[in-house]
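Some notes on the structure that comes next.
The values are calculated or read from the model by the stated rules, or taken from the named source; none is laboratory data. All values reported here derive from a predicted model rather than from experimental measurement. We place every Cβ from the backbone using ideal geometry, glycine too, and count neighbours over all the protein chains shown.
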Amino acid sequence: MSFGCRQLKRIIPQAEWGEAHHLLILHGRYTCTARSPDCDTCPLTDFCTYYERLQRLPDPINGLDASKGTYYCSTSDRYFDEPAYKTDRYGVRQIVCPVSGSMQVFHTKTGKTTKQVPDFRVN
């Protein structure tokens, strides 16, 4: 039995395990989907490590010039097209600046960070 299952069994009365099982399946099917979790409507964000990590990502940067490169490193104030890669402490392969090695890299078209959050929702 998994750690998460043991935790749930401690807080959910045994008479409600069947219903809780089905509700959790529906939650995974319609809210916490693998490809695109809908964290904005999720009632469980207070307990979700994945959501917590998403909240710690840097805010997007506005006004980046995509004609100067595909990526922008905010640490070295540098645009570039060919990134380097590094595996972070969670085992996730991240895009890094080829000059500074910084993971503070953003897509120039969207301004969003390239950082990937480890998916704690699955083992």
Hey, any hits in the range 88-103 for a residue that's farther than 30 Å from residue 5 by Cβ, of a type in the set (Ser, Thr, Tyr) and surrounded by 13 or more Cβ atoms within 10 Å (Cβ to Cβ)?
yes
Restrict the check to the range 108-115 and report whether at least one residue is assigned to a loop (DSSP other than H, G, I, E, B), in contact (Cβ under 8 Å) with a residue 40 or more places away in the chain, small (Gly, Ala, Ser) and surrounded by 14 or more Cβ atoms within 10 Å (Cβ to Cβ).
yes
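Condition check ((1) surrounded by 10 or more Cβ atoms within 10 Å (Cβ to Cβ); (2) among the aliphatic types (A, V, I, L, M); (3) free of Cβ contacts under 8 Å to residues at least 12 places away in the same chain) across all residues:
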residue: 31; (1), (2), (3): yes, no, yes
residue: 37; (1), (2), (3): yes, no, no
residue: 44; (1), (2), (3): yes, yes, no
residue: 51; (1), (2), (3): yes, no, no
residue: 54; (1), (2), (3): yes, yes, no
residue: 66; (1), (2), (3): yes, yes, no
Quick one: which residue in 119, 81 is acidic (Asp, Glu), within 25 Å of residue 35 (Cβ to Cβ) and surrounded by fewer than 17 Cβ atoms within 10 Å (Cβ to Cβ)?
119
Residues that are in contact with a Lys or Arg (Cβ under 8 Å, 6 or more places away or on another chain), under 15 Å from residue 106 (Cβ atoms) and not aliphatic (A, V, I, L, M), drawn from the range 38-68
58, 60
So, restricting to helices (runs of 4 or more DSSP H) that lie completely within the range 1-80, which ones have at least 2 residues that are aliphatic (A, V, I, L, M) and either touching a helix residue (DSSP H, G or I) at 6+ places or on another chain (Cβ under 7 Å) or not assigned by TED's automatic domain parsing to the domain that holds residue 99 (or both)?
3-11, 17-30
Among the residues of the range 43-60, is there at least one that is modelled with pLDDT of 90 or more, in contact with a Ser or Thr (Cβ under 6 Å, 6 or more places away or on another chain) and of a type in the set (A, V, I, L, M)?
yes
Determine whether the range 40-48 contains at least one residue that is more than 18 Å from residue 118 (Cα to Cα) and among the polar types (S, T, N, Q).
yes
Within the range 12-39, of all residues that are farther than 30 Å from residue 116 by Cα and aliphatic (A, V, I, L, M), the one modelled with the highest pLDDT is 15
